[in-house]
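Where a number appears in this text, it was derived from the coordinates with a stated rule and is not lab data. As the structure is a prediction and not an experimental result, all values here were calculated from the model. Glycine also receives a Cβ, built like all others from the backbone with ideal geometry; neighbour counts cover every protein chain displayed.
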Amino acid sequence: MIIDIHTHIFPTKIRSRRQTYFTNEPAFELLYRSSKSKLAGADELVAIMDEQGVDRAVTFGFPWQTSDWFKYHNDYILESVNRYPDRLIGFCCFDPLHPEGAKEAYRCLNAGLSGIGELAFYCSVINETCFNSLEPVMEIARQFNCPVMIHTNEPVGHLYPGKTDNTLAQIYSLLKKFPKNRIILAHWGAGLFFYNLLKKQVRETLANTWFDTAASPYLYQNEIYLNAMRLAGDDKILWGSDYPLIQPRRYFDEIGKSGITKEQILRICGRNAAQLLNLHL
């Protein structure tokens, strides 16, 4: 089973009138101001899955700061999962600093969504204020035994829309704060798995952490797969396309040329995600 752990879909109203949603949403405007920034719906996602051989996909919306908008978007995710119950797996999304975040997480998980994320700190550092806001959200995730996906990005290299100033130390401190939560770090976790080479503390801190491959063809050379398998473990890597940013076939081509084994490909392209999400293969 091929499982994409990282896709985004948007309701028709947002896709057709994106400028309307820039008000008081600096992160959304930053990422989607350009008409070249693609927005897709559930039907388009499933069509691409059919075309390119993806069995199931985790999908979610955007971490809106406006409560009406994240509720509306999460309702669309719920509706999409109900329309495609054998294809789509929904996560709920909201601004992690919003005071209604925990309430929204409970509402969505209780209604049938399978996780929380992609939560992002586009406009803030990850600090004690963030931890205090996340505490009730993480508690609900533990109650429902579901994963939480956090947006991360490499702290060096070229700049691009949505690249945050979050540091490796900030990301690591978040993992230390919530060691009992199962956390997916998007976009290879900013390379944090390199520090598994340290003799003390890090392996224990990362015990409940997974890393997804979202946007990898834009960011990393193919050697990332071999190195990540060696340093993070081949049970901790999850294939995520970040669709519609990049289509699945581009990953399949790069992964096939990366030098990892067929067994490792099967693990990162589905088996690891199935185990994390308690799916039956």
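Would you work out the charge dipole size for the chain about its Cα centre, treating the Cβ of every Lys and Arg as +1 and the Cβ of every Asp and Glu as -1, and quote it to the nearest 20 debye?
360
Among all the aspartates and glutamates, which ones have a C-alpha under 19 Å from residue 163's C-alpha, if same-chain residues fewer than 8 places away are not counted?
Here the aspartates and glutamates satisfying the reach criterion relative to residue 163 are 25, 29, 95, 118, 154, 212, 242.
Find which of 11, 159, 74 sits farthest along the positive direction of the dipole of the chain, computed with +1 on the beta-carbon of Lys and Arg, -1 on that of Asp and Glu, about the Cα centre.
Final value for the positive-end residue is 159.
Note down the nm distance, to one decimal, between modelled labels 7 Å out along Cα→Cβ at residue 262 and at residue 72.
The modelled label-to-label distance comes out at 4.9 nm.
Looking only at Cα atoms, what is the convex hull volume of the range 233-274 per residue, in Å³?
68
For the range 46-143, just list the percent of Cα-Cα distances falling in each 5 Å bin from zero outward, please.
3, 14, 24, 22, 16, 11, 7, 3, 1
Would you list the P(r) distribution for the range 70-114, with all Cα-Cα distances sorted into 10 Å bins from 0 and each bin expressed as a whole %?
31, 54, 14, 1
Using square roots of five times the C-alpha gyration tensor eigenvalues, list the equivalent-ellipsoid semi-axes of the chain in whole Å, biggest first.
Equivalent ellipsoid semi-axes, largest first: 25, 23, 19 Å.
Please check: in the Gaussian network model of the chain (C-alpha springs, under 10 Å), which one of 156, 54, 137 has the largest mean-square fluctuation.
Most flexible of the set in this elastic network: 156.
Evaluate the Debye formula for the range 127-281 with equal point scatterers sitting on the alpha carbons, no solvent, and hand back log10 of I(q)/I(0) at q = 0.11, 0.12, 0.19 Å⁻¹, in q order, two decimals.
Debye intensities relative to I(0), on a log10 scale: -0.43, -0.51, -1.30.
Could you tell me what % of all Cα pairs in the range 173-265 have separations over 19 Å?
Summing the P(r) of the range 173-265 above 19 Å gives 39 percent of all pairs.
Report the full-extension gain for the segment residue 180 to residue 230: residue separation times 0.36 nm, less the Cα-Cα distance, to one decimal in nm.
Here the answer is 15.6 nm.
First select every other residue whose beta carbon is under 13 angstrom from the beta carbon of residue 218; then total the charges, Lys and Arg +1, Asp and Glu -1.
With Lys, Arg at +1 and Asp, Glu at -1, the net is -1.
Residue 204 label point, 7 Å along Cα→Cβ, cut-off 17 Å on backbone N: hits in the range 164-185?
Flagged as within label range: 172-181.
Using helices alone, what [θ] at 222 nm do you get for the chain, with -39,500 (n - 2.57) per DSSP H run of 4 or more residues, divided over all residues and rounded to the nearest 500?
Taken over the chain, the calculation gives -11500 deg cm²/dmol.
Kindly state, to the nearest 0.05, the FRET efficiency for residue 249 paired with residue 196, given R0 = 30 Å and r defined as their beta-carbon distance.
Efficiency, from the Cβ-Cβ distance: 0.45.
Once you compute Rg and the Kirkwood Rh from C-alpha atoms, what is the Rg to Rh ratio for the range 114-191?
0.96
Which ordering of 125, 202 is given by a fewest-first count of other beta-carbon atoms within 10 Å?
In order of increasing Cβ crowding within 10 Å: 125, 202.
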